[in-house]
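Please read the structure below before turning to the comments.
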Amino acid sequence: MDLSLSDEQKQLQDAAERFVRDKYAFENRRKIAATEKGWLTENWAQMAELGWLGMAFSEEDGGYGGGPIETMIVMEQFGKGLVLEPFLPTVVLGGGMIAKAGSKAQKEALLPPMIEGKKQFAFAWLERQSRYNLADVSLKATKEGNGWSLSGHKGVVYNAPSADHIIVLARTSGSAREEKGLTLFVVDAKAKGITRRDYPTQDALRASELTFDKVSVGADAVLGKVDDAFGVVEDAVDHAIVALCAEATGCMDAINAATLEYIKTRKQFGVPIGKFQVLQHRMVDCFTNAQEARSMTLMASLKIDDKDSVVRRKAASGAKVQIGKSGKFCGQSAVQMHGGMGVTDELSVSHYFKRLTMIDLMFGNQQHHLTRYSNLAMAA
Amino acid sequence: MDLALKPEHKAFADDVRAFARANLSPATKAKTFSGKHYDKDDHIQWQKALGRQGWLAYTWPKKYGGPGWDVTQRFLFENVLAEEGAPRIIPFGPKMVGPVIYTFGSDEQKERFLPGIRSSEVSWCQGYSEPGAGSDLASLRTKAVREGDHYIVNGQKTWTSFAHWGDWIFCLVRTSPEAKAQEGISFLLIDMKTPGVTVRPIVMLDGAHHVNDVFLDNVKVPVANRIGKEGEGWTCAKFLLANERLGIAEVPSSKRGVRSLRDIARAEPANGATLADDPAFTAQIADLDLQVQALEMSELRALSTMALGGAPGPEVSSLKIRGSEIQQRITELTMEAVGEYAAPYQPGMLFQDTNETPVGPDHAPPAAPRYFNFRKTSIYGGSNEIQKNIVSKMVLGL
Ligand SMILES: Cc1cc2nc3c(=O)[nH]c(=O)nc-3n(C[C@H](O)[C@H](O)[C@H](O)COP(=O)(O)OP(=O)(O)OC[C@H]3O[C@@H](n4cnc5c(N)ncnc54)[C@H](O)[C@@H]3O)c2cc1C
Ligand SMILES: Cc1cc2nc3c(=O)[nH]c(=O)nc-3n(C[C@H](O)[C@H](O)[C@H](O)COP(=O)(O)OP(=O)(O)OC[C@H]3O[C@@H](n4cnc5c(N)ncnc54)[C@H](O)[C@@H]3O)c2cc1C
């Protein structure tokens, strides 16, 4: 067993730390969030140049042969800076599914440009009724000549406003909520028949509601096997969950550091408020929570490529439960210990708090993953 | 002892309900149930209607123009209004400064200020906190220097709720820099139109604007606007804080919150059924429901002590603590019920009357902002840590 980072991984961590320090000072981040698309082309280009967009892909696919640990390393730093560039939807989800399920032609057409920073993706799976059930999909794809026609609705599709391609999860057969009968399609974001309603999210990202009205795609748009996408999707989402957990760990470190600094300097009753034992103990609990979150994230990052799918699924759900719990504790505590300042827009704490809150709601909250983990553990 | 209502109390509740249905504007009521922010008119029109009925200052004794209700009537009044979707009464006039004035003020001050409070003609705000004096309120530094029959006031107040709507502000100011912290403080009423008063908005984490900084720059305040003796402002302040902590438990609106949470669970799809069919979720609502009942019964016990002539004691701090935690938990569970559709941020749907449609279900737009915003309930009115310090010292003798 060895839980230390290699030299290359340490360099990656340093570079990501530097990026966040240079580009994501809090007031800079506020400016980026206020731009129309909500992220910066120059930052994305720099991520490509630094090799981050390709690090988790095999050399065969044009990448640099890394894996979940590399993703964990950069996502953690992104969490510290509340980075807004669409790394998760494009690289982890989109790139991940294409690498896993794509044909040779699809990989060649999509992965190298993504790795160079020239193509972005969005993953459209959620529908109004889906809640956290990945198989609760009713957007329909029906055969049309050689190709397919897609009709239906997708919601809260992160990065849809900027994506070049939308990866759509559609029902090609089977009944509602059946895992069998789901198919992935890579659809040009500008395809005729797609209507977008764009909006910002609580945590300053961008997302859209998408309506598909008889959107025609060729047979070559199918990603993976027809009717058989569920496993690919579940695995991609589990990878995304682990990446999100790493981001949350970074958020917790940052919010804890800011709070610690605050309670050392803010004075009431003639002393720094950090002298009050109740705040000391709460601060200790924040650090313990962040430690647990880091541990579960590391464990999940090490297990998420395991051969056994039960191991992978338990690892992702286990980490997500921890992140939900720890994120809530650290976020709420940080706000509380800042007093009135904690509920203002002015300080960064409230922005970390909002991001941690939204991370819990993404791809299944604490309660959902506790149930999923419990079912997997009881079945074993 | 009896929990059941007497016939005359039932009739009273019916009267209150009929009044609310006749006088509460449908637009205001809709905002309550959809979680939209009220504007000034929503509050003031409703409060003026209550004022005309003689019900705005509903906790006041008859002698000062209140209805002189008993504990049960107050309880019913608050509950029926919450059920009917009335905005909460902005407390600064009728619940805070009003009782201070009729308890500590001169006859002349009572005549001058109480009618405007009872009718909601005059809006008040509370100038206690300062940047350096939050939990440690007695360390406040706003200075009032006597010059003839005026004070010249200099300093900064902060977190002042609704100062941007306020006509008057009641302030704690330091009139004697030499005295020990609490002893040099006086209670002043300041007309917000006086030259030197500047209000600057503070934007909250959900994008809302309710609180403000208030700058006081050489503001000339007549000595006649001081309540009580010079240097005895702390007595007024403490009297007022105890009243504030009682109201802050917000039991009636929490009961409404639990009801609406159940409605949302019934409306939210989950695995081909609704969230109401998920026992893991409904058990969490039940747990909240029971917490609200315990809180309500504790508040009723405190009120019945007061009815026998007792003042609200330090144990009301416990009610504030649990009340705030419950409000926060309601907003948290509501957001979790909405799930991923809590993510779209639609400020237009919260603050303005727009034709914008919600991205998700109707109940989704306010869900996350309310959760964020309600973190304030364990901070304002004295933070929960401070309330616990009070209980441990005053009740437990630690
Ligand atoms: C099963 C058992 C085995 C033990 N084995 C050994 C042993 O092998 N060798 C040995 O030397 N001792 C041993 N101990 C003793 C143990 O270390 C003490 O019980 C412990 O240090 C607490 O001391 P106390 O019991 O006097 O409680 P106290 O010190 O009186 O504490 C009472 C309570 O006050 C709290 N408290 C005290 N000070 C503070 C503070 N500053 N801030 C906040 N809270 C505070 C404590 O956390 C505790 O909740 C053992 C105790 C137990 C119960
Ligand atoms: C939405 C909102 C509306 C408000 N409206 C008004 C208003 O209308 N008028 C008005 O005058 N004020 C108002 N306030 C101010 C409010 O009363 C203060 O925010 C509150 O008293 C806390 O003070 P602070 O923000 O300076 O935090 P601080 O006092 O700096 O506290 C920071 C943290 O330290 C903790 N702490 C401080 N002292 C101790 C201690 N001795 N022991 C343990 N923990 C401690 C606190 O609990 C808190 O967690 C409002 C505040 C908010 C958020």
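The values are calculated or read from the model by the stated rules, or taken from the named source; none is laboratory data. Fair warning: this is a prediction, and the values are worked out from it, not measured in the lab. With ideal geometry, Cβ positions are generated from the backbone for all residues, glycine too; neighbour counts draw on all protein chains shown.
Within region B:117-132, take every residue that is touching a residue at least 40 places away in the same chain (Cβ under 8 Å) and farther than 15 Å from B:His43 by Cβ and give me the one that is nearest to the other protein chains (Cβ to nearest Cβ).
Taking the candidates together, the pick is B:Tyr128.
Where the second residue is assigned to a strand (DSSP E or B) and among the aromatic types (Phe, Trp, Tyr) and the first is away from every other protein chain (no Cβ under 14 Å) and lies in region A:135-156, which pairs have Cβ atoms under 6 Å and are six or more apart or on separate chains?
A:Ala141/A:Trp148; A:Leu150/A:Phe212; A:Ser151/A:Phe212; A:Gly152/A:Phe212
With the condition kept exactly as written, say whether any residue in region B:269-286 is more than 24 Å from B:Glu340 (Cβ to Cβ) and surrounded by fewer than 20 Cβ atoms within 10 Å (Cβ to Cβ).
For region B:269-286, residues more than 24 Å from B:Glu340 (Cβ to Cβ) and surrounded by fewer than 20 Cβ atoms within 10 Å (Cβ to Cβ): present.
Results for (1) aromatic (Phe, Trp, Tyr); (2) surrounded by fewer than 20 Cβ atoms within 10 Å (Cβ to Cβ); (3) within 16 Å of ligand 2 (Cβ to nearest atom); (4) farther than 28 Å from B:Gly134 by Cα, shown as yes or no for each residue.
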{"site": "A:Ala316", "(1), (2), (3), (4)": "no, no, no, yes"}
{"site": "A:Gly327", "(1), (2), (3), (4)": "no, no, no, no"}
{"site": "A:Ala334", "(1), (2), (3), (4)": "no, no, yes, no"}
{"site": "A:Met362", "(1), (2), (3), (4)": "no, no, no, yes"}
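Taking the criterion of being assigned to a helix (DSSP H, G or I), modelled with pLDDT of 95 or more, assigned by TED's automatic domain parsing to the domain that holds B:Asp277 and among the polar types (S, T, N, Q), would at least one residue in region B:222-230 satisfy it?
No, the conditions are met nowhere in region B:222-230.
Any chance region B:57-79 includes a residue that's under 30 Å from B:Met349 (Cβ atoms), away from ligand 2 (no atom under 16 Å from the Cβ) and assigned to a loop (DSSP other than H, G, I, E, B)?
No: region B:57-79 contains no residue that is under 30 Å from B:Met349 (Cβ atoms), away from ligand 2 (no atom under 16 Å from the Cβ) and assigned to a loop (DSSP other than H, G, I, E, B).
Just to be sure, is A:Arg282 touching a residue at least 24 places away in the same chain (Cβ under 8 Å) and within 16 Å of ligand 2 (Cβ to nearest atom)?
When the stated conditions are applied, A:Arg282 passes them.
Could you figure out which of (1) surrounded by fewer than 19 Cβ atoms within 10 Å (Cβ to Cβ); (2) under 22 Å from A:Ser208 (Cα atoms); (3) within 20 Å of the chain's Cα centre (by Cα) isn't true of A:Lys100?
For A:Lys100, the exception is condition (2).
Which condition number in (1) within 16 Å of ligand 2 (Cβ to nearest atom); (2) surrounded by fewer than 16 Cβ atoms within 10 Å (Cβ to Cβ) is the one that B:Gly309 fails?
Checking B:Gly309 against (1) within 16 Å of ligand 2 (Cβ to nearest atom); (2) surrounded by fewer than 16 Cβ atoms within 10 Å (Cβ to Cβ), the one that fails is (1).
Pairs, please: C-beta under 7 Å, at least 6 apart or cross-chain, first residue closer than 12 Å to A:Val278 by Cβ and in region B:382-398, second at pLDDT 95 or above and near ligand 2 (Cβ under 7 Å from one of its atoms)?
Pairs found: B:Ser383/A:Gly339; B:Ser383/B:Ser135; B:Glu385/A:Val278; B:Ile386/B:Ser135.
Since A:Gln291 meets every condition but one in (1) within 13 Å of ligand 2 (Cβ to nearest atom); (2) free of Cβ contacts under 8 Å to residues at least 24 places away in the same chain, which condition does it not meet?
For A:Gln291, the failing item is (1).
Per-residue answers, yes or no, for (1) part of a strand (DSSP E or B); (2) modelled with pLDDT of 95 or more; (3) surrounded by 15 or more Cβ atoms within 10 Å (Cβ to Cβ):
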position	(1), (2), (3)
B:Ile190	yes, yes, yes
B:Arg200	yes, yes, no
B:Gly207	no, no, yes
B:Asn218	yes, yes, no
B:Cys236	no, no, yes
B:Pro252	no, no, yes
B:Gly257	no, yes, yes
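Out of everything in region B:160-188 that is away from ligand 2 (no atom under 12 Å from the Cβ) and in a loop (DSSP other than H, G, I, E, B), what residue ends up being modelled with the highest pLDDT? Reasoning before the result, please.
Initially, region B:160-188 is screened for residues away from ligand 2 (no atom under 12 Å from the Cβ), giving B:167-168, B:173-188.
Checking the rest, the ones that are also in a loop (DSSP other than H, G, I, E, B) come to B:167, B:175-180.
Working: B:Asp167: 98, B:Thr175: 95, B:Ser176: 89, B:Pro177: 82, B:Glu178: 82, B:Ala179: 77, B:Lys180: 80.
Among those residues, the one meeting the criterion is B:Asp167.
Being part of a helix (DSSP H, G or I) and of a type in the set (Gly, Ala, Ser) narrows it down to one of A:Ala109, A:Ala135, so name that one.
Within the list A:Ala109, A:Ala135, the selection yields A:Ala109.
If A:Gly54 satisfies every condition in (1) crowded, with 20+ Cβ neighbours inside 10 Å; (2) closer than 20 Å to A:Gly250 by Cα but one, which is the exception?
(2)
Taking the stated definitions as given, is A:Lys267 within 14 Å of chain B (Cβ to nearest Cβ) and touching a helix residue (DSSP H, G or I) at 6+ places or on another chain (Cβ under 8 Å)?
yes
Give the residue that is nearest to the chain's Cα centre (by Cα), with candidates limited to residues of region B:266-276 that are assigned to a helix (DSSP H, G or I) and within 12 Å of another protein chain (Cβ to nearest Cβ).
B:Ala267
Just a yes or no: is a residue in region A:48-66 assigned to a helix (DSSP H, G or I), closer than 25 Å to A:Ile323 by Cβ and in contact (Cβ under 8 Å) with a residue 60 or more places away in the chain?
No, every residue in region A:48-66 fails to be assigned to a helix (DSSP H, G or I), closer than 25 Å to A:Ile323 by Cβ and in contact (Cβ under 8 Å) with a residue 60 or more places away in the chain.
Of the numbered conditions (1) more than 19 Å from the chain's Cα centre (by Cα); (2) outside any helix (DSSP H, G or I), A:Asp305 satisfies every one except a single condition; which is it?
Unmet condition: (1).
Out of all the residues in region A:333-361, which are farther than 13 Å from B:Phe372 by Cα, at the interface with another protein chain (Cβ under 7 Å from one of its Cβ atoms) and of a type in the set (A, V, I, L, M)?
Residue satisfying the conditions is A:Leu361 alone.
Taking the condition of being acidic (Asp, Glu) and in contact with a Ser or Thr (Cβ under 7 Å, 6 or more places away or on another chain), how many residues in region A:105-153 meet it?
The total comes to 3.
Look at region B:301-330 and say how many of its residues are in a helix (DSSP H, G or I) and in contact (Cβ under 8 Å) with a residue 60 or more places away in the chain.
Looking only at that region, the number is 16.
Quick check: is even one residue across region A:117-132 part of a helix (DSSP H, G or I) and not small (Gly, Ala, Ser)?
no
Considering only region B:133-159, how many residues are more than 8 Å from ligand 2 (Cβ to nearest atom) and either within 14 Å of chain A (Cβ to nearest Cβ) or touching a Ser or Thr at 6+ places or on another chain (Cβ under 6 Å) (or both)?
Residues flagged as more than 8 Å from ligand 2 (Cβ to nearest atom) and either within 14 Å of chain A (Cβ to nearest Cβ) or touching a Ser or Thr at 6+ places or on another chain (Cβ under 6 Å) (or both) within region B:133-159 amount to 7.
Given (1) outside any helix (DSSP H, G or I); (2) closer than 21 Å to B:Thr59 by Cα; (3) free of Cβ contacts under 8 Å to residues at least 60 places away in the same chain; (4) away from ligand 2 (no atom under 12 Å from the Cβ), where does B:Lys110 come up short, assuming only one miss?
(1)
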